[in-house]
Every structure is written in C-alpha cells, then in structure tokens.
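Asks: This is the structure, below, for whatever I ask next.
Derivation of every value follows stated rules applied to the coordinates shown; laboratory data play no part. Just so it is clear, the structure is predicted and the values come from calculations on it, not from any experiment. Glycine gets a Cβ as well: all are built from the backbone with ideal geometry, and neighbour counts include every protein chain shown.
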Amino acid sequence: MPKAPIRCLLVDDEPPALRILEAYVSKIDFLELTFSTNKPLEALARIEEGGIDLAFMDIQMPELTGIQLSKIVKNKLDIIFTTAYPQFALESYNLNALDYLLKPIDFSRFYEAVNKFKIEKNESKPSIGQQEIKDYLFVKTDGKNNFERIELSEICFIEGMKNYVIIHTPNGKIITHSTLKNMEESLPIEDFVKTHKSYVVSLKHIERTDSLSVYIGKKAIPIGDTYRKLFFEKIAGNSLS
C-alpha cells in the first residue's frame, strides 16, 4: 500500500506567486494540493476543517498576515513561510515554522523545504509496513459499551451533522457521536474523498457525477466549491481517459 501523500495548502495574495507554487507542488509526487487561495480568511476556514498537513503562507497579506494566521492555527499543521521580506525570518522561527522561503523561490529550494517536512513526518510516525492496515472500523452506537463493526468497503458515504456522523451503507444508516473530521482521518485517502464540508464519499460507490453532485444510489450528494477541483482531479486520476 503506497504511503499517503502530504496534503498541502497554499495562500498568497499575489496570483503569479500562487501559480508558481501550484506548479512546484504538481512536480512533486508525494505532495497533494488540497486548497489554493489568495484570501487568508478562506485559508483559515479550510485549515479549521482539518485534513491539511502542510501550509505554504505568504506573510504580507490583507485581512490577516501570514504571521497572524499561523498564530491562529498553531499546532493544527506545519507551516512554511513564503515571502519577499527577510526581516520576518526571526519571528517565523519563534513560531516554530518549518522553513522560510524568500521570493523569488527556485524549485530546488522549495523541494529542500518540502523534503525536510517529509523526513520529519516519516521519522515521527511508523511506516506503513510497521502499521496494521485495517479494512474496518468500530464505531460507538447507543449505550456505554455498544460498538458496531463496519467494513470500509461497505461505506457508501458519510454525512456530518455537528457532533454526530451518519454512516450510510447498503444495509442502512449507522449514527455515531463523532465529527466528520475524525472520521475522515480514519479512512484511507485513496478510497474516500470529501465533496462538501458535510460529506465524505467512497470512490468505489460513486455511480455518476455532474458538475454539482455525486450520485450514490438515490442520493445526490453536493460538491462544494472548495472541494470541486480536488474531487474532479481524483476522479480523473481513476478514469480510463
């Protein structure tokens, strides 16, 4: 089973700089671009949803600077700053930033920073070969010690409702006290994908899609603007064309 890619987010208020970073990410096979924006508040909302490993942040931005944004999302993910201003280097290291890239950023320097994160991540977590790869989950249902085993292959989609999730299978629904974020982190990313802030779907159970929805059985599951690009890239990666 291949190692999971590093899921990254880009935020820079300058579109040309953002395009360069997007191009760099696309060249590295162990990186997966989850979200790219020129608006810090959009980046904040996406980070708060979870599922991001690494963020590349510009520092001088309107609404929120990269420094301010990093303080808000502290401990949620690792951060590499990208900026044209060397005077912020000391403050960035005091915030435990992984690295500090000065614009114009060349690809070799970008790769060096990313590889540093990859090495630290692999050292801090056991490799796939050392982990027990599970194809099922136990979820808590009603009652103190009531758990139900669910085969991952039977999960059609998962619906988040505040502090509860509804797991939809061909045999019915299972409701458990959890969050969609926690469920998403328990699922293999090669088999499941988020289409909306309230939905994670199984690629194996998708029957068809259009521009706005995913169809599984009789259910039309919305595709949110935030997730549309990544979703269709994943679909295209599993297509014959």
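Asks: In the Gaussian network model of the chain, springs joining C-alpha atoms below 10 Å, which of Thr82, Thr141, Thr65 carries the largest mean-square fluctuation?
Replies: Between Thr82, Thr141, Thr65, it is Thr141 that shows the largest mean-square fluctuation.
Asks: Also, I was wondering about something else. Can you tell me the order of 162-172, 37-47 when each peptide is scored by its average per-residue count of other Cβ atoms within 10 angstrom, highest first?
Replies: Ranking, from highest mean packing down: 37-47, 162-172.
Asks: Kindly put Val200, Val73, Val11 in sequence by how many other C-beta atoms sit within 10 Å of each C-beta, fewest to most.
Replies: So the ranking, lowest neighbour count to highest, is Val73, Val200, Val11.
Asks: Give me, ordered by chain and number, the residues 5 or more places off Thr169 or on other chains with an amide H under 5 Å from its own placed amide H.
Replies: Sorted by chain and number, the residues that satisfy this are Cys156, Ile174.
Asks: A further question on this structure: Sort the following peptides by mean Cβ neighbour count (other Cβ atoms within 10 Å, averaged over residues), highest first: 15-22, 103-110.
Replies: The most tightly packed comes first, giving 15-22, 103-110.
Asks: Do the alpha carbons of any pairs in Lys76/Lys103; Lys140/Lys204; Lys74/Lys118; Lys76/Lys219; Lys116/Lys234; Lys121/Lys197 sit beyond 30 Å of each other, and which pairs?
Replies: Cα-Cα > 30 Å for Lys76/Lys219; rest within.
Asks: Just in segment 144-221: which GluC sites (Glu not before Pro) are loop by DSSP and have at most 16 other Cβ atoms within 10 Å?
Replies: Of the GluC sites (Glu not before Pro), the ones in loops of segment 144-221 whose Cβ has at most 16 other Cβ atoms within 10 Å are Glu190, Glu207.
Asks: Continuing with the same structure: Once every DSSP H run of n ≥ 4 in the chain is given -39500 (n - 2.57) and the sum is divided by its residues, what mean residue ellipticity at 222 nm do you get, rounded to the nearest 500 deg cm²/dmol?
Replies: -9000 deg cm²/dmol
Asks: Taking H placed 1.01 Å from N in the peptide plane, check which residues at least 5 places from Ser36 or on another chain put their amide H under 5 Å from its amide H.
Replies: Leu10
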